Amino acid sequence: MKRILLCAFWAALLAPARELDRVERLLEELTNAPGPSGFEGPVRAVVRRELSPLASPLETDGLGSLIATLPGSSGAPRIMMAAHLDELGMLVKYVTPEGFVKFQTLGGWLDQGLINQRFVILTSKGAVEGVTGLKTPHIMAPEERTSLVKRDRIFIDVGAASRQDAEERLGIRPGDPIAPDSRFAVLNDGRVYLAKAWDDRVGLGVMIEVMRRLKASSPPNSVYAVATVQEEIGLRGAHTSSYQVKPDIGISIEAGVAADYPGISRDEAQERLGGGPGIFLHDSSMLPNLKLRDFVVEVARQLKIPVQFEVLSGYGEDGAEMQRAYSGAPSINITVPVRYLHNHNGIIQRDDFDRAVELITGLIRRLDAATVRRLKSFE
Ligand SMILES: [Zn+2]
């Protein structure tokens with residue numbers, strides 16, 4: 001009897017929840033795909049497949065950013081959206097004689113976020129699973145148990161017997177990319193989603209959905225949906241792609257910083273899940289154009305979309321590169337709030353996603369030549 005009850009319990013727990021809708025399937029595919037900075041190929045392939053029926057041409061620049069053009073009813077103004085393909089990752093530095101993998105981090109990791117997590121190493125022979133090993137507390141001195149572990153002591157255990165085994169059997173070579181291993185889930189069957197790499201796969205998801213809507217009704221401008229590379233290591237892809245697109249207006253679509261859980265204060269960040277898209281007023285890379293900021297707020301008011309404001313002292317984003325290309329362009333960063341950024345598991349809320357899509361679609365539909373001329377003027 002006991003056994004039957006237990007089995008029923010696990011069956012219910014493990015049964016697939018409801019069927020995922022189109023957006024959820026897209027977000028699942030985008031977040032599960034591995035794409036550390038400089039190794040964005042698998043994510044780019046998903047974005048390319050989604051955008052190819054919506055835009056023409058689809059090109060890559062010399063660094064690998066994907067640029068999808070949707071010519072509207074007019075060649076100008078040129079509206080550039082940017083969301084980045086890359087996520088935090090690492091690459092193989094060397095393999096120890098005992099077969100453990102030492103790595104170089106790519107992007108802003110917390111040392112504590114690296115510990116005892118699953119990773120995949122993307123080798124020429126395929127994906128190799130591993131885990132960052134950590135000493136057991138049984139043998140630690142009391143002060144060691146509460147101390148922080150520095151990243152230079154962390155390694156990946158792939159179950160290899162030796163360096164030769166790791167290199168020859170598993171195909172691990174210096175320079176191979178390493179991505180976090182964490183799967184998408186609809187959290188407890190609700191409107192909250194759990195996954196890795198929301199930064200910035202949520203931005204890519206929003207950008208794809210915006211393009212789907214814009215395609216259905218020709219916008220009064222030319223739209224460039226740009227999936228950038230190497231954002232996490234210094235906005236490198238947005239730099240080259242902004243020079244290729246030469247935007248009149250730049251719209252960065254990003255993962256915002258939610259501050260609605262224990263241990264974080266309003267002084268650190270101001271967004272919360274369910275409060276609508278975030279509009280950045282300050283980060284360490286960019287100040288938004290003030291007329292464009294006010295225009296976005298006005299569009300949100302017309303569309304009855306709640307928005308939140310964000311003032312961060314750190315954080316960089318692709319808007320900074322769009323803003324500074326050539327002689328400069330009004331730019332803004334619009335976000336979907338995310339909890340626990342830059343870790344193996346983050347959380348977003350579906351309404352925030354849908355509202356960000358609505359807001360950016362409505363914004364681009366209103367960016368005609370006269371409006372953009374007014375926004376660009378400092379007279
Ligand atoms: Zn980002």
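The values are calculated or read from the model by the stated rules, or taken from the named source; none is laboratory data. Everything numeric in this text was worked out from a predicted model, so none of it was measured. Ideal geometry is used to build each Cβ from the backbone, glycine not excepted, and the neighbour counts take in all protein chains shown.
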**Item:** All helices (runs of 4 or more DSSP H) inside the range 1-63 with 2 or more residues being among the hydrophobic types (A, V, I, L, M, F, W, C) and modelled with pLDDT under 95
**Value:** 2-14
**Asked** Applying the selection to the range 170-195, what residues are within 16 Å of the ligand (Cβ to nearest atom) and in contact with a helix residue (DSSP H, G or I) (Cβ under 6 Å, 6 or more places away or on another chain)?
**Response** A195
**Message:** Here is a list: E98, E129. Which entry is among the acidic types (D, E) and in contact with a helix residue (DSSP H, G or I) (Cβ under 9 Å, 6 or more places away or on another chain)?
**Reply:** E98
**Request:** Determine, yes or no, whether Q302 is touching a residue at least 60 places away in the same chain (Cβ under 8 Å), in the same structural domain as D200 (by TED's automatic domain parsing) and either among the aliphatic types (A, V, I, L, M) or surrounded by fewer than 20 Cβ atoms within 10 Å (Cβ to Cβ) (or both).
**Result:** yes
